[in-house]
Amino acid sequence: MVKLPLLTRIWAMIRHTRAVFMSPSTPLPVKIVLGLGLLYVLSPFDLIPLWVPVFGLMDDLALAALLVAWANGFSVPKQ
């Protein structure tokens with residue numbers, strides 16, 4: 001197994017998440033969870049405000065990482 005550099009691996013995971021979201025074979029609930037998660041990460045309203053040192057940004061980053069990892073569990077059919 002070839003180890004990819006961290007940024008290359010993250011970029012590949014993000015591209016795969018996009019492919020899962022755009023695939024017509026992906027179930028609607030999965031698309032809804034991914035869309036709502038993206039809206040939460042981008043929204044100015046947070047569970048923990050951004051002005052709280054360290055933890056303010058961590059909840060957004062943790063949610064984004066969990067969503068990407070979860071979406072990578074779904075396969076996209078080859079076309």
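The values are calculated or read from the model by the stated rules, or taken from the named source; none is laboratory data. None of these values were measured; they are calculated from a predicted model. Every residue, glycine among them, receives a Cβ derived from its backbone with ideal geometry; neighbour counts consider all protein chains shown.
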In the stretch 31-47, the residues that are modelled with pLDDT of 85 or more and touching a helix residue (DSSP H, G or I) at 6+ places or on another chain (Cβ under 7 Å): 31, 34, 37
Considering residues of the stretch 8-35 that are part of a loop (DSSP other than H, G, I, E, B) and in contact (Cβ under 8 Å) with a residue 24 or more places away in the chain only, the residue surrounded by the most Cβ atoms within 10 Å (Cβ to Cβ): 26
Exclusive hit being surrounded by fewer than 11 Cβ atoms within 10 Å (Cβ to Cβ) and under 15 Å from the mean Cα position of the chain (by Cα), set 42, 67, 38: 42
Counted residues, the stretch 45-64 - those being exposed (fewer than 15 other Cβ atoms within 10 Å of the Cβ) and outside any helix (DSSP H, G or I): 9
Counted residues, the stretch 12-30 - those being modelled with pLDDT under 85 and aromatic (Phe, Trp, Tyr): 0
